[in-house]
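Worksheet: one structure, shown below.
We did not get these values from a lab; they are worked out from the coordinates using the rules stated. Computed from a prediction, not measured in an experiment: that's the story for all the values here. Quick reminder, even Gly has a Cβ in these numbers, built from the backbone with ideal geometry, and neighbours come from all protein chains shown.
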Amino acid sequence: MNTFTIGFTQKSASRFFHLLNTAGVKTVIDVRLNNASQLAGFAKRDDLRYFLKQLCNASYSHVLELAPTKPMLDAYKRKKISWRQYESEFVNLIVQRRIETTLSPDLFVDACLLCSEHLPHHCHRRLAVEYLNRHWNTTLQVTHLY
């Protein structure tokens, strides 16, 4: 199953939608806690839904089960916890949420997990797909778009 991840920062709208189109993404799964921020630019929820349909013939889904909690995200952004602590807390959170049982592998076919981080290295979208690959019988073939 082809699955992708992408961050919208450090990309123009042209580059962002080109990457999604070229990859053949059919659904964008938004894993951000706040998907309506003015700082999101072209990736603001309602605009993104429209652009995806018009430019990529793709759908949009906001999946909060794959988002961090506000206190966790705030602590990391304010440098009160390290990446290693954030990573541990996020993995514990998705274990508690039992995402491997509440989400269907079908949701991830030709889908792309969206967050704000430019690279996947320090982003929870990577942690989520790695976790699911360890807990599902099927394998997500993950490609990080940037």
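Filtering the range 3-48 to residues that are under 17 Å from Tyr146 (Cβ atoms), among the polar types (S, T, N, Q) and in contact with a helix residue (DSSP H, G or I) (Cβ under 8 Å, 6 or more places away or on another chain) leaves Thr3, Thr5, Asn21. Counting the residues of the range 1-43 that are under 14 Å from the mean Cα position of the chain (by Cα) and free of Cβ contacts under 8 Å to residues at least 24 places away in the same chain gives 1.
If you scan the range 28-60, which residues turn out to be within 20 Å of Tyr131 (Cα to Cα) and either of a type in the set (Phe, Trp, Tyr) or not in a loop (DSSP other than H, G, I, E, B) (or both)? Once the filter is applied, which keeps residues that are within 20 Å of Tyr131 (Cα to Cα) and either of a type in the set (Phe, Trp, Tyr) or not in a loop (DSSP other than H, G, I, E, B) (or both), the range 28-60 yields Val28, Ile29, Asp30. Which ones in the range 1-33 are of a type outside the set (D, E, K, R), over 13 Å from Asp110 (Cα atoms) and exposed (fewer than 14 other Cβ atoms within 10 Å of the Cβ)? Scanning the range 1-33 gives Gln10, Ser12, Ser14. Screening Tyr131 with (1) closer than 20 Å to Asn21 by Cβ; (2) assigned to a helix (DSSP H, G or I); (3) of a type in the set (Ser, Thr, Tyr); (4) within 14 Å of the chain's Cα centre (by Cα) gives one miss only, at (1). Scanning the range 93-119 for residues that are assigned to a loop (DSSP other than H, G, I, E, B) and either free of Cβ contacts under 8 Å to residues at least 60 places away in the same chain or closer than 20 Å to Lys26 by Cα (or both) gives Arg98, Leu103, Ser104, Val109, Asp110, Ser116. For the range 60-86, the tally of residues that are touching a helix residue (DSSP H, G or I) at 6+ places or on another chain (Cβ under 6 Å) and either of a type in the set (Lys, Arg) or free of Cβ contacts under 8 Å to residues at least 60 places away in the same chain (or both) stands at 7. The requirement of being under 29 Å from Ala13 (Cβ atoms), in contact with a helix residue (DSSP H, G or I) (Cβ under 8 Å, 6 or more places away or on another chain) and among the basic types (Lys, Arg) is not satisfied by Arg97. Taken over the range 120-143, the residue count meeting the criterion of being in contact (Cβ under 8 Å) with a residue 60 or more places away in the chain and buried (at least 18 other Cβ atoms within 10 Å of the Cβ) is 9.
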